[in-house]
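Structure first, then comments.
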Amino acid sequence: MMWAKHAVAMLCCCSLSAWAAAPWCSPRGKPAFTFQWVARDKADPALGSVRIKDAAGKTVQVLADVENYYADSKSFDTGTDFNNDGCADLVVTTSVAGIGNESLAVFLYNPRTKRFEANEALSNIGGLELDPKDRNCVTGGWKGGAEDMYSSRHCWKQGQLVMISEYKVSPLYGPEGEFTCYEHVETEYRGGEKREKKSCTKEF
């Protein structure tokens, strides 16, 4: 039995070493990839592809049909780990509205395939950010107007991104168009159940 325990321990350590050895997932290995924006044409430089090269300058992946609001390579975020797996991901800003709403395209790095894979769930969250209180969660925020706001919180559970809570505030008006109050709606999702709490305030 003792040899079996040693064997399991060795396999465990080897697995961890292999994971840690992934160049992109090591703090010292971030230069393992470089990212280049290639516009489809000059008429619309915000549409194109992301060319990913390894440390030797060889193209190892091309992400096609990408929208890039800033139309350059410098705007890419390659230092955020959105699924808390120890590997930084690629984030491209796809749009920025005048009111401040920002949309992103998120490509999670898969250390097993050594490729960046589009994640629709994260990309669909407006104003996406890491939760400062829990790196296993993310938050979103959106404005429908100066007095109309929405926020959400999502966490990873068994490899799936699950919504934990939502919060909305918007003005309510009477039949004559007169302001009534600001409606606050707080929603929590626990154990497959939805719990909603509403309130109205005169101040935003």
Checklist line | Backbone HN-Hα couplings from phi across the range 126-133 [Karplus 6.51/-1.76/1.60, Hz, Gly and Pro as x] | finding: x, x, 4, 8, 6, 6, x, 8
Item checked: the range 38-152, relative contact order [Cα under 8 Å, separation at least 6], % -> 14 percent
Next item on the list: Give me D for the chain in µm² s⁻¹, whole number, from Stokes-Einstein with Rh from the Kirkwood sum over alpha-carbon pairs, 25 °C and 0.890 mPa s.
Entry: 123 µm²/s
Next item on the list: Taking the chain as the reference, fit the longest principal axis to its C-alpha atoms, fit the long axis of helix 2-21 to the helix C-alpha atoms, and give the angle between the two in degrees, 0 to 90, nearest 10.
Entry: 70 degrees
Next item on the list: Loop sites only, by DSSP: take the trypsin sites (Lys or Arg not before Pro) in the chain that have at most 12 other C-beta atoms within 10 Å and name the longest stretch containing none of them.
Entry: 134-201
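Compute the length gained on full extension between residue 203 and residue 160: take 0.36 nm times their separation in residues and subtract their Cα-Cα distance, giving the result in nm to one decimal. Present the calculation step by step, with values, prior to reporting the outcome.
Details: separation 43, 0.36 × 43 = 15.48 nm, distance 3.74 nm.
Extra length available between residue 203 and residue 160 comes to 11.7 nm.
Efficiency by 1/(1 + (r/R0)^6): what FRET value for residue 196 and residue 84, r their Cβ-Cβ distance, R0 = 30 Å, to the nearest 0.05? Could the numbers behind the result be given before it?
Working: r = 29 Å, r/R0 = 0.95.
Efficiency, rounded to the nearest 0.05: 0.55.
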Check: Between residue 188 and residue 72, how many nm apart are label points set 7 Å from Cα along the C-beta direction?
Finding: 4.5 nm
Check: What does the charge count near residue 65 come to, summing +1 for each Lys or Arg and -1 for each Asp or Glu among other residues with Cβ under 15 Å from its Cβ?
Finding: -3
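Using Cα pairs closer than 8 Å and at least 6 residues apart in sequence, work out the relative contact order for the range 123-204, in percent.
With pairs under 8 Å counted, the relative contact order is 17 percent.
Might you tell me the accessible area per residue for the range 75-156, computed with a 1.4 Å probe and given in Å²?
Each residue of the range 75-156 exposes 47 Å² on average to a 1.4 Å probe.
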Next item on the list: First select every other residue whose beta carbon is under 14 angstrom from the beta carbon of residue 173; then total the charges, Lys and Arg +1, Asp and Glu -1.
Entry: -4
Next item on the list: Using Cα pairs closer than 8 Å and at least 6 residues apart in sequence, work out the relative contact order for the chain, in percent.
Entry: 9 percent
Notebook entry, point to check: What's the percent breakdown of Cα-Cα distances in the range 103-204 across 10 Å bins, shortest bin first?
Noted result: 14, 36, 29, 15, 5, 1, 0
Next item on the list: At 0.36 nm per residue, minus the direct Cα-Cα distance, what do residue 41 and residue 173 gain on full extension? Give it in nm, one decimal, please.
Entry: 42.8 nm
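In the neighborhood of residue 46, defined by Cβ-to-Cβ distances under 13 Å, what is the net charge if each Lys or Arg adds +1 and each Asp or Glu adds -1?
Numbers: positive: 40, 42; negative: 41, 44, 65, 67, 72.
Cβ neighbours under 13 Å give a net charge of -3.
The values are calculated or read from the model by the stated rules, or taken from the named source; none is laboratory data. Bear in mind that the values here come from a model prediction, so they are computed numbers and not experimental data. Virtual Cβ from ideal backbone geometry, glycine too; neighbours counted across all protein chains shown. Calculation scope for accessible area: heavy atoms of the full protein, side chains included, ligands and nucleic acids excluded. Shrake-Rupley method; radii C 1.70, N 1.55, O 1.52, S 1.80 Å.
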